[in-house]
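Okay, so here's the structure we're looking at.
What follows is calculated from the coordinates using simple rules that are stated; it is not laboratory data. Just so it is clear, the structure is predicted and the values come from calculations on it, not from any experiment. Ideal geometry is used to build each Cβ from the backbone, glycine not excepted, and the neighbour counts take in all protein chains shown.
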Amino acid sequence: MAILSRRIRALESELSKRDPEAVSKSLAQHIAHEIKNGFTPIVMAARQLSIGARGRGDPYAASVAEYAKLIEEGCDAIRRFHTTISQVGSPPAMRLDAVDLRSFLEEEAKRTTVGRDHVHVETAFDLPSGARIRADRDDLRRVLTNLVNNAVEAMDGRGTLRFRAVIETGTTPTVRIDVEDTGCGIAPSDMDRLFLPNFSTRTSGTGLGLFYSRKIVRDHGGDITATSVLGEGSVFTVTLPLDDGRPSVSDDATPTETVDIPR
Ligand SMILES: Nc1ncnc2c1ncn2[C@@H]1O[C@H](COP(=O)(O)OP(=O)(O)O)[C@@H](O)[C@H]1O
Ligand SMILES: [Mg+2]
């Protein structure tokens with residue numbers, strides 16, 4: 001751990017001298033690698049503990065099972081973190097599909113908010129039937145997951161989350177998707193830094209969610225912007241070009257290298 005901290009500090013010090021995206025990528029790859037090395041035995045050991053303690057009925061076994069559960073929950077959080085950082089700086093490996101906007105967004109509004117018992121969810125999708133984009137569904141799911149997680153964190157788990165979508169016609173017809181929260185809002189001085197790698201105001205934040213989300217959306221030819229009123233809430237807006245229906249050359253970029261870590 002001490003060696004890792006030293007290496008991270010060394011990499012961070014390069015940030016001032018080099019392209020932040022390149023530094024962020026090497027930092028992320030390094031952390032992902034170290035996590036993978038340390039993670040597997042922890043997951044295995046927690047699983048063995050919980051299997052060993054199951055059904056024994058004595059108080060000691062009950063507390064072992066409880067602690068094993070805590071370890072497994074912690075491992076889930078690390079797994080999510082690992083997934084995020086493994087993707088930083090990866091070559092785009094998009095699998096483009098025609099995505100029907102209404103059904104996709106309705107599904108996503110449900111998926112990203114399931115179990116958020118104190119979040120009131122509103123949706124307003126003003127979309128003509130058949131409106132679609134060409135996109136990698138998994139990538140867009142990651143973006144919406146990041147935006148919703150941020151929104152829920154900004155509201156401390158309690159408030160109103162609004163999903164809106166509307167078509168904007170112009171030289172390039174686009175869909176505009178808003179994710180709006182009634183959370184803490186963002187200080188004007190932070191607005192310029194939101195999408196920079198490693199910018200986070202949360203103690204356990206990675207500062208990579210928005211950085212990576214913007215990269216995904218830009219790889220799709222769109223963009224993400226934010227507006228906010230401190231103390232009232234924020235709106236993150238994703239714009240993406242509509243699918244014009246013309247056949248497009250299929251994307252044959254090399255697949256992203258993924259690292260399997262046990263579930
Ligand atoms: N909906 C939001 N409301 C308030 N602040 C936000 C919101 N979304 C993002 N932020 C700010 O942007 C920072 C960066 O977000 P992100 O890149 O997702 O990293 P992380 O969530 O790990 O901190 C957050 O730490 C927070 O300060
Ligand atoms: Mg985040």
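What FRET efficiency, computed as 1/(1 + (r/R0)^6) with R0 = 25 Å and r the Cβ-Cβ distance, is obtained for residue 169 and residue 124, rounded to the nearest 0.05? After rounding, the FRET efficiency stands at 0.85. On full extension, the segment bounded by residue 244 and residue 97 gains 51.6 nm, given 0.36 nm per residue less the C-alpha separation.
Phi angles across segment 205-215 convert, under the Karplus curve 6.51 cos²θ - 1.76 cosθ + 1.60 with θ = phi - 60°, into 3J(HN,Hα) values of x, 9, x, 10, x, 6, 4, 5, 4, 5, 4 Hz, Gly and Pro given as x.
For residue 137 and residue 83, a Förster radius of 25 Å and the Cβ-Cβ distance give a FRET efficiency of 0.95, rounded to the nearest 0.05. The stretch between residue 176 and residue 230, if pulled fully straight at 0.36 nm per residue, gains 17.1 nm over its current Cα-Cα span. A simple spin-label model places the labels of residue 63 and residue 219 4.7 nm from each other, with each point 7 Å out along Cα-to-Cβ. Less than 5 angstrom separates the built amide H of residue 243 from those of 132, 133, 134, all sequence-distant by 5 or more or on a different chain. Taking a point 7 Å from the Cα of residue 201 along the Cα-to-Cβ direction, the residues of segment 178-194 with backbone N closer than 20 Å to it are 179-194. Rounded to whole numbers, the Karplus 3J(HN,Hα) couplings from phi for segment 125-140 are 10, 9, 10, x, 5, x, 5, 8, 10, 9, 7, 8, 4, 4, 4, 5 Hz, using 6.51 cos²θ - 1.76 cosθ + 1.60 with θ = phi - 60°, and x at Gly and Pro.
Straight-line cross-link reach from residue 25 at under 13 Å between alpha-carbon atoms covers these aspartates and glutamates, not counting any fewer than eight positions away in the same chain: 12, 14.
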